[in-house]
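Please read the structure below before turning to the comments.
The values are calculated or read from the model by the stated rules, or taken from the named source; none is laboratory data. This structure is a prediction, so every number in the text was calculated from the model and none was measured. As a convention, Cβ positions derive from the backbone with ideal geometry for all residues, glycine included, and neighbour counts pool all protein chains shown. Heads up: the accessible areas ignore ligands, DNA and RNA and are worked out on the full protein's heavy atoms, side chains in. Shrake-Rupley method; radii C 1.70, N 1.55, O 1.52, S 1.80 Å.
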Amino acid sequence: MTNDDLPIGRRVARWRVRRQMTQQMLADRLRRSKSWVDKIERGVRPLDRYSVIQELAHVLRVDPEVLLGQPQSVPAGPPDGVDDIRAALARYDTPQAPQETDELRRQVGYAWLTYQHAHYGQLVRVLPGLLDAAQGARSAELLVQAYRITSSLLVKLGEADLGWLAADRAMAAAADDPALAATAAVSVSQALRAAGRDRLALAASLAAANRVRPQRSAGEWAVGGTLLVQAALAAAGCGEHRRADELADRAAGVAAHLRGYDDQHRTSFGPVAVELARVLAAVSRGDAVEALHRHSTVVRREGWRRLPAEYRGAYLVDAARAYLQVGDLRGAARALVDADSVAPAEVRCRPLARTLIADVARAQPAPAGVARLATLVGLTR
């Protein structure tokens, strides 16, 4: 068994031993019990929260990607396997022997972590089997999550229409569960925006956000805030800039009342997420000065570093596109280089990033760092 094949708990144990720590020493530094560490290392307790992975990595003095078994290099170009995902979405028969719910939950948690760390090639290989298992399970929650992960990945890989299909499946699987429907609506909005259907995305996300009530749990309220962010970005894409600002203000109000909630719906919502949306909204209305000021401020905040690698990399690619639209080639180049350092797959696997690199590289002379990225993605020989 290679290191990449090891369960994450085994990797934690190996690095603990390398750092010459006992389980008690590691527990003390994490401010947790020795029993908790023991269960993590034996795989009895799932390790499927991004914040906990970061905390462990910090104490063990390794990158979070090391604990997740990230490959040594990230190949350029979209990973093969989208056709297998398409086939899984087109399969309507269910397995004869459904998996145990606990095992399926573990697999879904692992898929989320793989996505949040931008290991898209690995996720492409995992998703067909996960979709088959989830479709045969009797858990609407896990089925919705599987479809959401699938939709998010497909959008990344330039398959917006197929991502929309997966998001729509998530909505159908949510049925009458308001919390699940709200999370599925996030994926619907993201897929519609990626397909250039901003007005439809605005209607879908705003309608879903308005159905979220304050008396619900903090996690569900965070989903409502995420929907408001999606609505703000869609409004900006429609040219409704005042409305975009109003929606961002509403999202900021939600974020201000959320502190330390358990991000069970994998939204990464918070004050920093709202500020990132404001940057992109400012560029959409052509206000490059405000966008650059907000961008330089938000990426220095502590909350920025706590966001998943996927989230930061995706924002930086979007920021590069936005800066390119207003003619700021240096800003676009800087954002792309930063994205490659945070989440290489965001730059090397996404068709959008490849197009941006080509556009920036046409400048004479090309901004620093872009020539290297152009070579990595095969735009130069």
For this session: Determine, yes or no, whether ALA184 is among the small types (Gly, Ala, Ser) and surrounded by 21 or more Cβ atoms within 10 Å (Cβ to Cβ).
Result: yes
Exercise. Only one of (1) touching a residue at least 40 places away in the same chain (Cβ under 8 Å); (2) open to solvent by 20 Å² or more (accessible area, probe 1.4 Å); (3) in contact with a helix residue (DSSP H, G or I) (Cβ under 6 Å, 6 or more places away or on another chain) is not met by ARG138, so which one is it?
Worked result: (3)
Problem set entry | Check on ALA204, out of contact with any His (no Cβ under 7 Å at 6 or more places or on another chain), under 22 Å from LEU276 (Cα atoms), open to solvent by 10 Å² or more (accessible area, probe 1.4 Å) and at pLDDT below 95 | no
For this session: Sort out which residues of region 241-260 are open to solvent by 50 Å² or more (accessible area, probe 1.4 Å) and not hydrophobic (A, V, I, L, M, F, W, C), and write them in order of number.
Result: HIS241, ARG242, ARG243, ASP245, GLU246, ASP249, ARG250, HIS257, ARG259, GLY260
For this session: Identify the residue in region 57-85 that is open to solvent by 30 Å² or more (accessible area, probe 1.4 Å) and part of a helix (DSSP H, G or I) and, among all such residues, is modelled with the lowest pLDDT.
Result: GLU65
For this session: Give me the pairs, please: first residue somewhere in region 336-352 and touching a residue at least 60 places away in the same chain (Cβ under 8 Å), second residue anywhere and surrounded by fewer than 22 Cβ atoms within 10 Å (Cβ to Cβ) and charged (D, E, K, R), beta-carbon distance under 8 Å, and either six or more positions apart or on two chains.
Result: LEU352/ARG321
For this session: Filter region 166-217 down to the residues that are of a type in the set (Val, Ile, Thr) and part of a helix (DSSP H, G or I), then identify the one that is nearest to SER139 (Cα to Cα).
Result: THR183
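Do the conditions hold for GLN54, that is, is it of a type in the set (S, T, N, Q), at pLDDT below 85 and open to solvent by less than 50 Å² (accessible area, probe 1.4 Å)?
Criteria met by GLN54.
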Problem set entry | Of all residues in region 276-290 being modelled with pLDDT under 90 and of a type in the set (Gly, Ala, Ser), the one that is nearest to THR226 (Cα to Cα) | SER284
Problem set entry | Residue check, ASP168 at pLDDT 95 or above, open to solvent by less than 50 Å² (accessible area, probe 1.4 Å) and at negative phi | no
Problem set entry | Criterion (at pLDDT below 95 and either of a type in the set (Phe, Trp, Tyr) or open to solvent by less than 60 Å² (accessible area, probe 1.4 Å) (or both)) met by exactly one of VAL144, VAL212, VAL229 | VAL212
For this session: Report yes if some residue within region 120-130 is part of a helix (DSSP H, G or I), aromatic (Phe, Trp, Tyr) and closer than 18 Å to VAL186 by Cα; otherwise report no.
Result: no
Exercise. If we scan region 204-211, do we find a residue that is under 25 Å from ALA235 (Cβ atoms) and of a type in the set (S, T, N, Q)?
Worked result: yes
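For ALA218, indicate whether it is touching a residue at least 12 places away in the same chain (Cβ under 8 Å), open to solvent by 20 Å² or more (accessible area, probe 1.4 Å) and under 18 Å from the mean Cα position of the chain (by Cα). I'd like the intermediate steps shown before the answer.
On the way: touching a residue at least 12 places away in the same chain (Cβ under 8 Å): yes; open to solvent by 20 Å² or more (accessible area, probe 1.4 Å): yes; under 18 Å from the mean Cα position of the chain (by Cα): no.
Against the criterion (touching a residue at least 12 places away in the same chain (Cβ under 8 Å), open to solvent by 20 Å² or more (accessible area, probe 1.4 Å) and under 18 Å from the mean Cα position of the chain (by Cα)), ALA218 does not qualify.
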For this session: Go through (1) open to solvent by 40 Å² or more (accessible area, probe 1.4 Å); (2) part of a helix (DSSP H, G or I) and name the single condition GLY109 misses.
Result: (1)
Exercise. Based on what the data block shows, is VAL283 of a type outside the set (S, T, N, Q), closer than 30 Å to LEU329 by Cα and open to solvent by less than 10 Å² (accessible area, probe 1.4 Å)?
Worked result: yes
Exercise. In this structure, does SER35 turn out to be touching a residue at least 24 places away in the same chain (Cβ under 8 Å), polar (S, T, N, Q), in a helix (DSSP H, G or I) and loosely packed, with under 15 Cβ neighbours inside 10 Å?
Worked result: no
For this session: Out of ARG306, ARG330, ARG301, ARG312, report the one residue that is touching a Phe, Trp or Tyr at 6+ places or on another chain (Cβ under 9 Å), surrounded by fewer than 20 Cβ atoms within 10 Å (Cβ to Cβ), closer than 25 Å to HIS58 by Cβ and not hydrophobic (A, V, I, L, M, F, W, C).
Result: ARG306
